[in-house]
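A.B. asks: Got a structure for you, written out below as structure tokens; questions coming shortly.
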Number of protein chains: 2
Amino acid sequence: MAALLFISPQDASGVWPEALARAMPAIEVRVWPEAGDRADIEYAVVWKPPADSLRALPNLRAIFSLGAGVDYLFTNTELPEDVPLVRLIDPALTEGMTEYVLYHVLHYHRYMCEYQAQQRQRVWRELPQVRPGDRTIGIMGLGVIGGDAAAKLALLGFSVAGWSRSAKRLPQVRSFFGCDQLDAFLGRSEILACVLPLTPETEGILNKDTLAALPRGACVISAGRGGHMIEEDLLAALDSGHIAGATLDVFHSEPLPVEHPFWTHPKITVTPHVASITNPFTASTQVADNIRRIQQGEALIGVVDRQRRY
Amino acid sequence: MAALLFISPQDASGVWPEALARAMPAIEVRVWPEAGDRADIEYAVVWKPPADSLRALPNLRAIFSLGAGVDYLFTNTELPEDVPLVRLIDPALTEGMTEYVLYHVLHYHRYMCEYQAQQRQRVWRELPQVRPGDRTIGIMGLGVIGGDAAAKLALLGFSVAGWSRSAKRLPQVRSFFGCDQLDAFLGRSEILACVLPLTPETEGILNKDTLAALPRGACVISAGRGGHMIEEDLLAALDSGHIAGATLDVFHSEPLPVEHPFWTHPKITVTPHVASITNPFTASTQVADNIRRIQQGEALIGVVDRQRRY
């Protein structure tokens, strides 16, 4: 019987083993560090695995990430070189991120911060209502996740553009791509949402230069990885008034340290890395489907390009 | 030359006369109380017109409301009996309401009140993420406005039902209708949004009985008219914990009096009747189109049924 090794120190006591076992009854699910005979392990399902957990698995056929982002794997010094890495593509994960992006876009679009402040002061005052077609939204990252958010925003009538490594075709979404088009993309984005993967190319991409390239009064939603944002540059841009507001779900250090200035900044909304939470049951179904594909010799869904790192 | 009389004491100094004149260059736009020769007036465009402003207009062919709701007209003792009343149907108005409903549905669906409270306490804690298909949304009022909000929520994957006077057919939206089905509709609505017209049948429809029929922990969004809500019943339901949160855009008395308990209630979000603001330019285009229809003998769009009062 083929065995699967679940390796996620932070989730070892949760429902994952049960969810995986239920989705693939013909496979034995083991939970690291109880790997048993390592020669049995054909599949690893991982989230931030300790380096030594991936060592000496001679029959490993695939490593599945519990998240869409796999940046953490490339810091693992024992990552096997010849085994496919598979990122999670799961409709439930996409749904959650789309909800998060839509909610915060609407929050800025409809001046909800200002209305909340008015309520605290018992002020009854109408603010302008901009038509969605006159509101420019920019989505950084137009893959499965960003593409869905962009499409849903376009359905609501927003003027949506996306930026990605290569050109994309999405109905009603203007595609910008590559370094050359980044400034033009930023210059038209009143509300910017970043859902990029974290790679050597995107690390620190939200910095003083790119923030300055946004229109004055722009708002930023950062829901990809903390490593995208140069945190002191964001604080400076907020304090100068160039950036009007920021919603941050991801941080350099998580949990966000209690003494971090983001917690109490009046223009920052902090959420605890919950823009989209992987659902063990839906995700296990996706892993099971990919394992079936391996067994039947079909192409895997979500294979990571090690060069691009996503 | 036919003349149009614009009657809105609260807007007389704004852009409305210009917007109307621009949309219908062949019609003379007059602003009440400067009616000139009343025999010239063929059209009235109104918002809360004083009773005497509608008197003695012998050649009046239609009264156009600046809002989708026309409840205020039925309190006007001088309302001409034989002139069509036309409510505003405007894509911009619908867009605004859909944005408002979506935003607040997502707010409750994703526990944003709780995350905001956690931020104030610098608490990093993940809350459950419910799939939209497992979240039941109820929309009271499935006409042009409520139907659009329901359809967009269904596109996001929510489990959506609507309640209206008569049965409606909308893809992916379950239709409940009439008094008999109200309790069944309420019983499955974890998040309820009311965008009904205000009529003798719907006045006070959000009361202790209907709030009690919602599931425990339900949230309520009231964006139709203040007259739908029995305010003390809402406060009691919030204070008992049966209702977890309420977003209110409309009130019995507007502006909401500074001493009103809603302003400071921890479970209530107050907005100043801005869920959707009529846009003078898009609305004038709709009025101009209807005037063209009258002149060409075509059917008007949005004629009010005086029996139903909407």
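Only the coordinates and a few stated rules stand behind these numbers; no lab work does. Predicted model only: the values in this text are computed from it and were never measured. Using ideal geometry, Cβ is built from the backbone for each residue, glycine included, and neighbour counts are taken over all protein chains shown.
A.B. asks: Just checking, does the range A:113-124 include any residue being under 23 Å from B:Leu155 (Cα atoms), assigned to a helix (DSSP H, G or I), in contact (Cβ under 8 Å) with a residue 40 or more places away in the chain and not β-branched (Val, Ile, Thr)?
C.D. replies: no
A.B. asks: Further question on the same structure: Before we move on, is B:Ala288 within 14 Å of chain A (Cβ to nearest Cβ) and among the aliphatic types (A, V, I, L, M)?
C.D. replies: Judged against the criteria, B:Ala288 is not a match.
A.B. asks: Only one of these conditions is not met by B:Val130: (1) without any contact (Cβ under 8 Å) to a residue 24 or more places away in the chain; (2) buried (at least 22 other Cβ atoms within 10 Å of the Cβ). Which number is it?
C.D. replies: Result: B:Val130 fails condition (2) only.
A.B. asks: Restricting attention to the range A:127-141, and to residues there that are assigned to a helix (DSSP H, G or I) and in contact with a Phe, Trp or Tyr (Cβ under 8 Å, 6 or more places away or on another chain), which single residue is nearest to the other protein chains (Cβ to nearest Cβ)?
C.D. replies: By that ranking, first place goes to A:Pro132.
Residues are listed down the side, and each one gets a yes or a no for (1) out of contact with any Asp or Glu (no Cβ under 8 Å at 6 or more places or on another chain); (2) surrounded by fewer than 21 Cβ atoms within 10 Å (Cβ to Cβ):
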{"site": "A:Ser65", "(1), (2)": "yes, no"}
{"site": "A:Leu73", "(1), (2)": "yes, yes"}
{"site": "A:Pro80", "(1), (2)": "yes, yes"}
{"site": "A:Pro84", "(1), (2)": "yes, yes"}
{"site": "A:Met97", "(1), (2)": "no, no"}
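A.B. asks: Then there's this: Residues that are touching a residue at least 24 places away in the same chain (Cβ under 8 Å), more than 14 Å from chain A (Cβ to nearest Cβ) and in contact with a His (Cβ under 6 Å, 6 or more places away or on another chain): which strands (runs of 3 or more DSSP E) entirely in the range B:142-215 hold 1 or more of them?
C.D. replies: Ranges flagged: B:191-194.
A.B. asks: I'd like the full set of residues that are more than 22 Å from A:Ser65 (Cβ to Cβ), in a loop (DSSP other than H, G, I, E, B) and either at the interface with chain B (Cβ under 7 Å from one of its Cβ atoms) or touching a residue at least 24 places away in the same chain (Cβ under 8 Å) (or both), limited to the range A:259-278.
C.D. replies: Correct list: A:His265, A:Lys267.
A.B. asks: When the residues of the range A:104-126 are filtered to those that are at the interface with chain B (Cβ under 7 Å from one of its Cβ atoms) and surrounded by fewer than 16 Cβ atoms within 10 Å (Cβ to Cβ), which remaining residue is nearest to B:Ala275 (Cα to Cα)?
C.D. replies: A:Glu126
A.B. asks: Here is a follow-up. Exactly one of these conditions fails for B:Trp32: (1) aromatic (Phe, Trp, Tyr); (2) within 30 Å of B:Val195 (Cα to Cα); (3) in contact with a Leu (Cβ under 7 Å, 6 or more places away or on another chain); (4) free of Cβ contacts under 8 Å to residues at least 40 places away in the same chain. Give me its number.
C.D. replies: (2)
A.B. asks: Here's another thing I want to ask about it. Somewhere in the range B:294-306, is a residue within 13 Å of another protein chain (Cβ to nearest Cβ), within 18 Å of the chain's Cα centre (by Cα), under 16 Å from B:Leu88 (Cβ atoms) and surrounded by fewer than 18 Cβ atoms within 10 Å (Cβ to Cβ)?
C.D. replies: no
A.B. asks: For the list (1) closer than 30 Å to A:Arg292 by Cβ; (2) within 14 Å of chain B (Cβ to nearest Cβ); (3) touching a Lys or Arg at 6+ places or on another chain (Cβ under 8 Å), I need the number of the one condition that A:Leu93 fails.
C.D. replies: Against the list (1) closer than 30 Å to A:Arg292 by Cβ; (2) within 14 Å of chain B (Cβ to nearest Cβ); (3) touching a Lys or Arg at 6+ places or on another chain (Cβ under 8 Å), A:Leu93 comes up short only on (3).
A.B. asks: Right, next: Residues of the range B:232-255 being surrounded by 16 or more Cβ atoms within 10 Å (Cβ to Cβ) and not in a strand (DSSP E or B), which ones? Break it down into steps so the answer makes sense when it comes.
C.D. replies: Kept after step one, since they are surrounded by 16 or more Cβ atoms within 10 Å (Cβ to Cβ), are these residues of the range B:232-255: B:233-235, B:237-238, B:242-251.
Of everything in the range B:232-255, those that are surrounded by 16 or more Cβ atoms within 10 Å (Cβ to Cβ) and not in a strand (DSSP E or B) turn out to be B:Asp233, B:Leu234, B:Leu235, B:Ala237, B:Leu238, B:His242, B:Asp249, B:Val250, B:Phe251.
A.B. asks: Further question on the same structure: Determine which single condition B:Val101 fails, assuming it passes every other condition in (1) among the hydrophobic types (A, V, I, L, M, F, W, C); (2) at the interface with chain A (Cβ under 7 Å from one of its Cβ atoms); (3) surrounded by 23 or more Cβ atoms within 10 Å (Cβ to Cβ).
C.D. replies: With respect to (1) among the hydrophobic types (A, V, I, L, M, F, W, C); (2) at the interface with chain A (Cβ under 7 Å from one of its Cβ atoms); (3) surrounded by 23 or more Cβ atoms within 10 Å (Cβ to Cβ), B:Val101 is out only on (2).
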